[in-house]
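A.B. asks: First the structure, then my questions, so here it is.
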Amino acid sequence: MPCAFHIQTTAGPGRRGQLVTPHGTIETPVFMPVGTLATVKGIPQDLLEEIGPEIILSNTYHLYLRPGVDTVRKLGGLHGFMSWPRAVLTDSGGFQVFSLSELRKVKEEGVTFRSHLDGSSHFFSPESSMEAQIGLGADVIMAFDECTEHPADARRTRESMELTLRWTARSKKYFEDHKHDVPWKGLVQKDAQSDGAATQSLFGIVQGGMDLALRRESAERTIEIGFPGYAIGGLSVGEPRHLTREVVEATLQHLPADKPRYLMGVGTPEEIVEYAALGIDMMDCVLPTRAARHGLLFTSEGRISIKQARYAQDEAPLDPKCPCRVCQRYSRAYLRHLYAANEVLAQVLNTIHNLSFYLDTMRTVRQSISLGDVPRSPLAARQ
Ligand SMILES: [Zn+2]
(Lines give C-alpha, C1' and ligand atoms only; values in the text may rest on other atoms or scores of the structure.)
Protein backbone atom coordinates (compact mmCIF):
# COMPACT_ATOMS: atom_id res chain seq x y z
CA MET A 1 0.00 0.00 0.00
CA PRO A 2 1.34 3.47 -0.89
CA CYS A 3 0.89 6.48 1.40
CA ALA A 4 -2.60 7.86 2.02
CA PHE A 5 -3.47 11.53 1.76
CA HIS A 6 -6.36 13.22 3.55
CA ILE A 7 -7.41 16.84 3.19
CA GLN A 8 -8.97 18.23 6.38
CA THR A 9 -9.74 21.84 5.54
CA THR A 10 -9.17 24.32 2.74
CA ALA A 11 -8.79 28.09 2.57
CA GLY A 12 -9.13 29.33 -0.99
CA PRO A 13 -6.93 26.96 -2.99
CA GLY A 14 -4.77 26.26 0.09
CA ARG A 15 -5.16 22.83 1.69
CA ARG A 16 -4.52 21.53 5.20
CA GLY A 17 -3.95 17.78 5.16
CA GLN A 18 -2.11 14.70 6.32
CA LEU A 19 0.18 12.41 4.38
CA VAL A 20 0.32 9.00 6.04
CA THR A 21 3.61 7.18 5.34
CA PRO A 22 5.11 3.94 6.69
CA HIS A 23 7.31 6.11 8.95
CA GLY A 24 4.74 8.48 10.37
CA THR A 25 2.06 10.98 9.52
CA ILE A 26 3.11 14.27 7.97
CA GLU A 27 1.06 17.41 8.53
CA THR A 28 0.73 19.33 5.26
CA PRO A 29 1.56 21.80 3.81
CA VAL A 30 5.05 20.67 4.77
CA PHE A 31 8.55 22.00 4.29
CA MET A 32 11.11 19.21 3.96
CA PRO A 33 14.68 20.00 5.11
CA VAL A 34 17.37 18.67 2.78
CA GLY A 35 19.76 16.03 4.11
CA THR A 36 21.77 15.44 0.96
CA LEU A 37 24.20 12.77 2.22
CA ALA A 38 21.92 11.16 4.83
CA THR A 39 22.59 14.10 7.13
CA VAL A 40 21.06 17.54 7.51
CA LYS A 41 24.48 19.16 7.64
CA GLY A 42 25.61 19.95 11.18
CA ILE A 43 22.51 18.61 12.97
CA PRO A 44 22.50 15.25 14.77
CA GLN A 45 19.30 13.24 14.35
CA ASP A 46 18.14 13.53 17.98
CA LEU A 47 18.34 17.30 17.74
CA LEU A 48 16.63 17.20 14.36
CA GLU A 49 13.74 15.28 15.95
CA GLU A 50 13.44 18.06 18.51
CA ILE A 51 13.45 20.77 15.83
CA GLY A 52 10.56 18.83 14.44
CA PRO A 53 10.53 17.90 10.73
CA GLU A 54 8.29 14.89 10.07
CA ILE A 55 10.02 14.22 6.76
CA ILE A 56 13.43 15.02 5.30
CA LEU A 57 14.81 14.74 1.78
CA SER A 58 17.95 12.90 0.70
CA ASN A 59 19.67 12.91 -2.69
CA THR A 60 19.98 9.65 -4.62
CA TYR A 61 22.82 10.91 -6.84
CA HIS A 62 25.06 11.72 -3.86
CA LEU A 63 24.25 8.55 -1.90
CA TYR A 64 24.70 6.39 -5.01
CA LEU A 65 28.24 7.77 -5.39
CA ARG A 66 29.02 7.71 -1.65
CA PRO A 67 28.66 5.46 0.35
CA GLY A 68 26.82 3.47 -2.39
CA VAL A 69 23.27 2.16 -2.46
CA ASP A 70 24.25 -1.39 -1.54
CA THR A 71 25.89 -0.25 1.69
CA VAL A 72 22.83 1.77 2.73
CA ARG A 73 20.47 -1.07 1.77
CA LYS A 74 22.42 -3.62 3.82
CA LEU A 75 22.33 -1.31 6.84
CA GLY A 76 18.55 -1.08 6.78
CA GLY A 77 17.98 1.61 4.19
CA LEU A 78 18.24 5.30 5.02
CA HIS A 79 16.10 4.94 8.16
CA GLY A 80 18.35 2.30 9.68
CA PHE A 81 21.64 3.66 8.33
CA MET A 82 21.17 7.21 9.62
CA SER A 83 19.00 6.23 12.59
CA TRP A 84 16.07 8.39 11.52
CA PRO A 85 12.70 6.91 12.47
CA ARG A 86 10.57 9.45 10.62
CA ALA A 87 9.74 9.73 6.93
CA VAL A 88 12.25 10.31 4.14
CA LEU A 89 11.85 11.33 0.50
CA THR A 90 14.52 10.75 -2.13
CA ASP A 91 14.81 12.49 -5.49
CA SER A 92 15.53 10.44 -8.61
CA GLY A 93 19.11 11.61 -9.09
CA GLY A 94 18.15 13.17 -12.41
CA PHE A 95 18.37 16.78 -11.28
CA GLN A 96 21.88 16.37 -9.84
CA VAL A 97 23.09 14.57 -12.94
CA PHE A 98 21.96 17.59 -14.91
CA SER A 99 23.24 20.22 -12.51
CA LEU A 100 26.46 18.73 -11.07
CA SER A 101 28.05 16.21 -13.37
CA GLU A 102 30.09 17.03 -16.42
CA LEU A 103 30.20 15.25 -19.75
CA ARG A 104 26.70 13.81 -19.39
CA LYS A 105 25.17 12.17 -22.43
CA VAL A 106 21.39 11.76 -22.64
CA LYS A 107 20.01 8.91 -24.72
CA GLU A 108 16.65 7.17 -24.85
CA GLU A 109 17.94 4.48 -22.54
CA GLY A 110 19.23 6.88 -19.86
CA VAL A 111 22.07 9.23 -18.96
CA THR A 112 25.79 8.52 -18.92
CA PHE A 113 27.64 10.93 -16.65
CA ARG A 114 30.89 11.46 -14.83
CA SER A 115 31.03 11.67 -11.05
CA HIS A 116 31.70 15.18 -9.74
CA LEU A 117 33.87 13.47 -7.06
CA ASP A 118 36.42 11.49 -9.06
CA GLY A 119 35.43 11.68 -12.72
CA SER A 120 34.41 8.00 -12.84
CA SER A 121 31.78 7.07 -15.43
CA HIS A 122 28.23 6.06 -14.42
CA PHE A 123 24.85 5.39 -15.99
CA PHE A 124 21.39 6.31 -14.67
CA SER A 125 18.17 5.09 -16.25
CA PRO A 126 14.59 5.02 -14.99
CA GLU A 127 15.20 1.41 -13.95
CA SER A 128 18.53 2.03 -12.18
CA SER A 129 17.13 5.13 -10.44
CA MET A 130 14.20 3.07 -9.14
CA GLU A 131 16.54 0.27 -8.09
CA ALA A 132 18.68 2.80 -6.19
CA GLN A 133 15.67 4.50 -4.56
CA ILE A 134 14.14 1.16 -3.53
CA GLY A 135 17.49 0.20 -2.00
CA LEU A 136 17.74 3.51 -0.13
CA GLY A 137 14.22 2.82 1.14
CA ALA A 138 12.71 6.30 1.41
CA ASP A 139 8.96 6.51 2.03
CA VAL A 140 8.36 8.69 -1.01
CA ILE A 141 10.49 8.26 -4.14
CA MET A 142 10.47 10.13 -7.43
CA ALA A 143 10.17 9.09 -11.07
CA PHE A 144 13.31 9.60 -13.18
CA ASP A 145 12.88 12.73 -15.28
CA GLU A 146 14.85 15.12 -17.40
CA CYS A 147 14.90 18.60 -15.93
CA THR A 148 14.50 20.86 -18.97
CA GLU A 149 17.02 23.71 -18.92
CA HIS A 150 15.94 27.35 -19.11
CA PRO A 151 15.77 28.92 -21.59
CA ALA A 152 14.82 26.17 -24.03
CA ASP A 153 13.06 26.57 -27.39
CA ALA A 154 9.64 25.03 -28.11
CA ARG A 155 10.97 21.97 -29.92
CA ARG A 156 13.56 21.17 -27.27
CA THR A 157 10.99 21.64 -24.46
CA ARG A 158 8.54 19.24 -26.12
CA GLU A 159 11.18 16.61 -26.83
CA SER A 160 12.40 16.81 -23.25
CA MET A 161 8.82 16.51 -21.94
CA GLU A 162 8.17 13.49 -24.17
CA LEU A 163 11.38 11.84 -22.94
CA THR A 164 10.33 12.45 -19.32
CA LEU A 165 6.92 10.86 -20.03
CA ARG A 166 8.54 7.74 -21.47
CA TRP A 167 10.95 7.60 -18.53
CA THR A 168 8.02 8.11 -16.14
CA ALA A 169 6.19 5.06 -17.56
CA ARG A 170 9.40 2.99 -17.31
CA SER A 171 9.92 4.20 -13.70
CA LYS A 172 6.44 3.06 -12.75
CA LYS A 173 6.80 -0.33 -14.40
CA TYR A 174 10.10 -1.07 -12.65
CA PHE A 175 8.73 0.17 -9.33
CA GLU A 176 5.58 -1.97 -9.55
CA ASP A 177 7.68 -5.05 -10.32
CA HIS A 178 10.14 -4.46 -7.45
CA LYS A 179 8.35 -2.43 -4.77
CA HIS A 180 8.42 -5.26 -2.25
CA ASP A 181 12.25 -5.30 -2.26
CA VAL A 182 12.35 -2.28 0.09
CA PRO A 183 14.85 -2.84 2.97
CA TRP A 184 12.31 -2.23 5.76
CA LYS A 185 9.81 -4.72 4.41
CA GLY A 186 8.10 -6.41 7.35
CA LEU A 187 9.69 -4.01 9.85
CA VAL A 188 6.91 -1.44 9.74
CA GLN A 189 3.29 -2.03 10.57
CA LYS A 190 0.93 -3.05 7.86
CA ASP A 191 -1.63 -0.53 6.80
CA ALA A 192 -4.48 -1.05 9.25
CA GLN A 193 -7.04 -0.25 6.56
CA SER A 194 -5.98 -3.02 4.22
CA ASP A 195 -4.31 -6.38 3.95
CA GLY A 196 -1.42 -5.05 1.90
CA ALA A 197 2.06 -4.52 3.32
CA ALA A 198 3.29 -0.93 3.49
CA THR A 199 5.33 0.06 0.46
CA GLN A 200 7.12 3.12 -0.80
CA SER A 201 5.13 5.66 -2.79
CA LEU A 202 6.35 6.64 -6.24
CA PHE A 203 5.42 10.17 -7.34
CA GLY A 204 5.32 11.34 -10.96
CA ILE A 205 6.93 14.63 -12.04
CA VAL A 206 5.32 17.17 -14.36
CA GLN A 207 7.73 18.91 -16.76
CA GLY A 208 7.09 21.08 -19.82
CA GLY A 209 9.42 24.04 -19.23
CA MET A 210 7.75 27.44 -19.10
CA ASP A 211 5.15 26.49 -21.73
CA LEU A 212 1.73 26.38 -20.06
CA ALA A 213 0.15 24.18 -22.77
CA LEU A 214 2.97 21.66 -22.43
CA ARG A 215 2.64 21.77 -18.64
CA ARG A 216 -1.03 20.85 -19.03
CA GLU A 217 -0.22 18.05 -21.44
CA SER A 218 2.55 16.75 -19.19
CA ALA A 219 0.20 16.82 -16.17
CA GLU A 220 -2.60 15.01 -18.02
CA ARG A 221 -0.34 12.32 -19.46
CA THR A 222 1.49 11.79 -16.14
CA ILE A 223 -1.89 11.38 -14.41
CA GLU A 224 -2.84 8.81 -17.06
CA ILE A 225 0.19 6.74 -16.03
CA GLY A 226 -1.13 7.10 -12.48
CA PHE A 227 0.63 7.96 -9.21
CA PRO A 228 -0.32 8.52 -5.54
CA GLY A 229 1.24 12.02 -5.74
CA TYR A 230 2.52 14.51 -8.29
CA ALA A 231 5.48 16.86 -8.33
CA ILE A 232 6.05 20.01 -10.33
CA GLY A 233 9.64 19.85 -11.54
CA GLY A 234 11.83 21.94 -13.80
CA LEU A 235 11.32 25.21 -11.93
CA SER A 236 13.80 27.44 -10.04
CA VAL A 237 16.21 26.82 -12.93
CA GLY A 238 17.03 30.48 -13.47
CA GLU A 239 13.65 31.78 -14.67
CA PRO A 240 12.23 35.02 -13.20
CA ARG A 241 10.13 34.52 -10.08
CA HIS A 242 6.85 35.76 -11.60
CA LEU A 243 7.20 33.06 -14.26
CA THR A 244 7.73 30.35 -11.62
CA ARG A 245 4.50 31.40 -9.96
CA GLU A 246 2.61 31.55 -13.25
CA VAL A 247 3.71 28.01 -14.20
CA VAL A 248 2.90 26.66 -10.72
CA GLU A 249 -0.58 28.21 -10.71
CA ALA A 250 -1.34 26.95 -14.22
CA THR A 251 -0.01 23.44 -13.52
CA LEU A 252 -1.93 23.09 -10.25
CA GLN A 253 -5.23 23.45 -12.13
CA HIS A 254 -4.50 20.18 -13.93
CA LEU A 255 -3.45 18.10 -10.91
CA PRO A 256 -5.98 15.93 -9.04
CA ALA A 257 -7.34 17.65 -5.92
CA ASP A 258 -7.22 14.49 -3.81
CA LYS A 259 -3.50 13.74 -4.30
CA PRO A 260 -0.48 15.45 -2.70
CA ARG A 261 1.26 18.08 -4.83
CA TYR A 262 4.97 18.61 -4.40
CA LEU A 263 6.82 21.70 -5.67
CA MET A 264 10.47 20.76 -5.98
CA GLY A 265 13.33 23.04 -4.92
CA VAL A 266 11.35 26.01 -3.52
CA GLY A 267 11.99 28.43 -1.83
CA THR A 268 12.37 31.49 0.40
CA PRO A 269 10.20 31.88 3.55
CA GLU A 270 7.92 34.21 1.56
CA GLU A 271 7.67 31.74 -1.32
CA ILE A 272 6.81 28.68 0.78
CA VAL A 273 3.89 30.62 2.28
CA GLU A 274 2.80 31.87 -1.14
CA TYR A 275 2.87 28.39 -2.70
CA ALA A 276 1.11 26.77 0.26
CA ALA A 277 -1.65 29.37 -0.21
CA LEU A 278 -1.89 28.32 -3.89
CA GLY A 279 -2.47 24.67 -2.95
CA ILE A 280 1.04 23.15 -2.88
CA ASP A 281 1.30 20.46 -0.15
CA MET A 282 5.03 19.66 -0.08
CA MET A 283 8.19 21.71 -0.67
CA ASP A 284 11.91 21.28 -0.18
CA CYS A 285 14.87 23.60 -0.53
CA VAL A 286 18.52 23.76 0.48
CA LEU A 287 18.11 27.48 1.20
CA PRO A 288 17.62 27.47 5.01
CA THR A 289 20.52 25.06 5.63
CA ARG A 290 22.89 26.39 2.98
CA ALA A 291 22.21 30.04 3.86
CA ALA A 292 22.79 29.22 7.55
CA ARG A 293 26.25 27.93 6.75
CA HIS A 294 26.96 31.22 5.00
CA GLY A 295 25.72 33.29 7.93
CA LEU A 296 22.43 34.34 6.31
CA LEU A 297 19.62 34.01 8.83
CA PHE A 298 15.86 34.30 8.30
CA THR A 299 13.95 36.05 11.09
CA SER A 300 10.50 37.50 11.74
CA GLU A 301 12.12 40.91 11.15
CA GLY A 302 13.71 39.98 7.84
CA ARG A 303 17.09 38.63 6.77
CA ILE A 304 20.17 39.05 8.93
CA SER A 305 23.73 38.65 7.69
CA ILE A 306 25.33 37.73 10.98
CA LYS A 307 28.87 38.47 9.78
CA GLN A 308 28.23 42.21 9.84
CA ALA A 309 30.24 44.26 12.34
CA ARG A 310 27.02 45.94 13.56
CA TYR A 311 26.19 42.77 15.51
CA ALA A 312 29.58 42.56 17.28
CA GLN A 313 28.18 43.86 20.57
CA ASP A 314 24.48 43.21 20.01
CA GLU A 315 23.10 41.51 23.13
CA ALA A 316 19.69 40.82 21.60
CA PRO A 317 18.62 37.35 20.51
CA LEU A 318 18.79 36.66 16.79
CA ASP A 319 14.99 36.74 16.53
CA PRO A 320 13.09 37.89 19.64
CA LYS A 321 9.95 36.08 18.39
CA CYS A 322 11.67 32.75 17.74
CA PRO A 323 11.24 30.00 20.36
CA CYS A 324 14.23 27.96 19.10
CA ARG A 325 16.99 26.98 21.51
CA VAL A 326 19.47 29.30 19.79
CA CYS A 327 17.31 32.40 20.14
CA GLN A 328 16.44 31.43 23.72
CA ARG A 329 20.06 31.14 24.76
CA TYR A 330 22.56 33.11 22.66
CA SER A 331 23.09 36.71 21.59
CA ARG A 332 23.65 38.06 18.11
CA ALA A 333 27.11 39.12 19.33
CA TYR A 334 28.01 35.53 20.19
CA LEU A 335 26.68 34.17 16.90
CA ARG A 336 28.59 36.88 15.03
CA HIS A 337 31.78 35.98 16.91
CA LEU A 338 31.41 32.25 16.13
CA TYR A 339 30.88 33.02 12.46
CA ALA A 340 33.79 35.48 12.24
CA ALA A 341 36.08 32.96 13.98
CA ASN A 342 34.94 30.24 11.55
CA GLU A 343 33.88 28.00 14.42
CA VAL A 344 31.99 24.78 13.58
CA LEU A 345 29.36 25.74 16.16
CA ALA A 346 28.39 28.76 14.03
CA GLN A 347 27.11 26.43 11.30
CA VAL A 348 25.29 24.24 13.82
CA LEU A 349 23.51 27.08 15.65
CA ASN A 350 22.68 28.99 12.46
CA THR A 351 21.19 25.85 10.93
CA ILE A 352 19.10 25.10 14.03
CA HIS A 353 17.60 28.58 13.88
CA ASN A 354 16.93 28.69 10.13
CA LEU A 355 15.27 25.26 10.15
CA SER A 356 13.20 26.23 13.20
CA PHE A 357 12.13 29.41 11.43
CA TYR A 358 11.05 27.53 8.29
CA LEU A 359 9.18 24.87 10.26
CA ASP A 360 7.47 27.50 12.43
CA THR A 361 6.49 29.37 9.29
CA MET A 362 4.79 26.27 7.92
CA ARG A 363 3.15 25.57 11.29
CA THR A 364 1.62 29.06 11.13
CA VAL A 365 0.50 28.41 7.55
CA ARG A 366 -1.27 25.21 8.64
CA GLN A 367 -2.97 27.04 11.52
CA SER A 368 -4.17 29.75 9.14
CA ILE A 369 -5.67 27.24 6.71
CA SER A 370 -7.28 25.35 9.61
CA LEU A 371 -9.00 28.60 10.59
CA GLY A 372 -10.12 29.18 7.00
CA ASP A 373 -7.68 32.04 6.45
CA VAL A 374 -5.43 32.38 3.43
CA PRO A 375 -1.86 32.12 4.76
CA ARG A 376 0.23 35.29 4.68
CA SER A 377 3.98 35.64 4.83
CA PRO A 378 5.38 36.46 8.30
CA LEU A 379 7.19 39.32 6.57
CA ALA A 380 4.19 40.54 4.58
CA ALA A 381 3.33 43.23 7.09
CA ARG A 382 6.75 44.78 6.61
CA GLN A 383 6.79 44.79 2.82
ZN1 LIG B 1 15.64 30.97 16.51
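The values are calculated or read from the model by the stated rules, or taken from the named source; none is laboratory data. For clarity, every value in this text was computed on a predicted model and none was experimentally measured. Cβ atoms come from the backbone with ideal geometry, glycine included; neighbour counts cover every protein chain shown.
A.B. asks: Name the pairs whose Cβ atoms lie under 8 Å apart, with the first residue in the stretch 351-369 and in a helix (DSSP H, G or I), the second modelled with pLDDT under 95, and 6 or more positions between them or separate chains?
C.D. replies: If the second residue must be modelled with pLDDT under 95, the pairs left are Thr361/Pro378; Thr364/Pro375; Thr364/Pro378; Val365/Pro375; Ser368/Val374; Ser368/Pro375; Ser368/Arg376; Ile369/Pro375.
A.B. asks: I've got another one for you. Would you confirm whether any residue within the stretch 134-156 is among the hydroxyl-bearing types (Ser, Thr, Tyr) and in a helix (DSSP H, G or I)?
C.D. replies: Among the residues of the stretch 134-156, not one is among the hydroxyl-bearing types (Ser, Thr, Tyr) and in a helix (DSSP H, G or I), which makes the answer no.
A.B. asks: Something else: Of all residues in the stretch 12-41, which are among the small types (Gly, Ala, Ser) and buried (at least 19 other Cβ atoms within 10 Å of the Cβ)?
C.D. replies: Gly14, Gly17, Gly35, Ala38
A.B. asks: Residue by residue through the stretch 206-252, note down the ones that are out of contact with any strand residue (DSSP E or B) (no Cβ under 7 Å at 6 or more places or on another chain), among the basic types (Lys, Arg) and closer than 25 Å to Lys172 by Cα.
C.D. replies: Of everything in the stretch 206-252, those that are out of contact with any strand residue (DSSP E or B) (no Cβ under 7 Å at 6 or more places or on another chain), among the basic types (Lys, Arg) and closer than 25 Å to Lys172 by Cα turn out to be Arg216, Arg221.
A.B. asks: Got a sec? Which of Ala333, Ala346, Ala316 is touching a Phe, Trp or Tyr at 6+ places or on another chain (Cβ under 8 Å), more than 22 Å from Phe5 (Cα to Cα), free of Cβ contacts under 8 Å to residues at least 24 places away in the same chain and not hydroxyl-bearing (Ser, Thr, Tyr)? Talk me through it step by step, then tell me what you get.
C.D. replies: Details: Ala346 fails: free of Cβ contacts under 8 Å to residues at least 24 places away in the same chain; Ala316 fails: touching a Phe, Trp or Tyr at 6+ places or on another chain (Cβ under 8 Å).
Sole residue among the options that is touching a Phe, Trp or Tyr at 6+ places or on another chain (Cβ under 8 Å), more than 22 Å from Phe5 (Cα to Cα), free of Cβ contacts under 8 Å to residues at least 24 places away in the same chain and not hydroxyl-bearing (Ser, Thr, Tyr): Ala333.
A.B. asks: Just a yes or no: is a residue in the stretch 283-290 of a type in the set (Ser, Thr, Tyr), in a helix (DSSP H, G or I) and free of Cβ contacts under 8 Å to residues at least 40 places away in the same chain?
C.D. replies: Looking through the stretch 283-290, none of the residues is of a type in the set (Ser, Thr, Tyr), in a helix (DSSP H, G or I) and free of Cβ contacts under 8 Å to residues at least 40 places away in the same chain.
A.B. asks: Okay, next question. Taking interchain pairs and intrachain pairs at least six residues apart, which have beta carbon atoms under 6 angstrom, with the first residue in the stretch 252-279 and touching a residue at least 24 places away in the same chain (Cβ under 8 Å) and the second of a type in the set (S, T, N, Q)?
C.D. replies: Gly265/Ser236; Val266/Ser236; Pro269/Thr361; Glu270/Ser377; Val273/Ser377
A.B. asks: Still on this structure: On the given criteria, is Asp314 among the acidic types (Asp, Glu), part of a loop (DSSP other than H, G, I, E, B) and either within 21 Å of the chain's Cα centre (by Cα) or within 11 Å of the ligand (Cβ to nearest atom) (or both)? Break it down into steps so the answer makes sense when it comes.
C.D. replies: Values: among the acidic types (Asp, Glu): yes; part of a loop (DSSP other than H, G, I, E, B): yes; either within 21 Å of the chain's Cα centre (by Cα) or within 11 Å of the ligand (Cβ to nearest atom) (or both): no.
No, not satisfied.
A.B. asks: While we're looking at this one, here's another question. If you check Asp319 against the conditions, is it away from the ligand (no atom under 15 Å from the Cβ) and in contact with a strand residue (DSSP E or B) (Cβ under 7 Å, 6 or more places away or on another chain)?
C.D. replies: no
A.B. asks: So, of the residues in the stretch 370-381 that are assigned to a helix (DSSP H, G or I) and modelled with pLDDT under 95, which turns out to be surrounded by the fewest Cβ atoms within 10 Å (Cβ to Cβ)?
C.D. replies: Looking only at the stretch 370-381, we keep the residues that are assigned to a helix (DSSP H, G or I), and these are 370, 380-381.
With the extra rule that they be modelled with pLDDT under 95, the set shrinks to 380-381.
Details: Ala380: 11, Ala381: 8.
So, considering only residues that are assigned to a helix (DSSP H, G or I) and modelled with pLDDT under 95, the one surrounded by the fewest Cβ atoms within 10 Å (Cβ to Cβ) is Ala381.
A.B. asks: Out of Ser368, Ser331, which single residue is in contact with an Asp or Glu (Cβ under 7 Å, 6 or more places away or on another chain) and not hydrophobic (A, V, I, L, M, F, W, C)?
C.D. replies: Ser331
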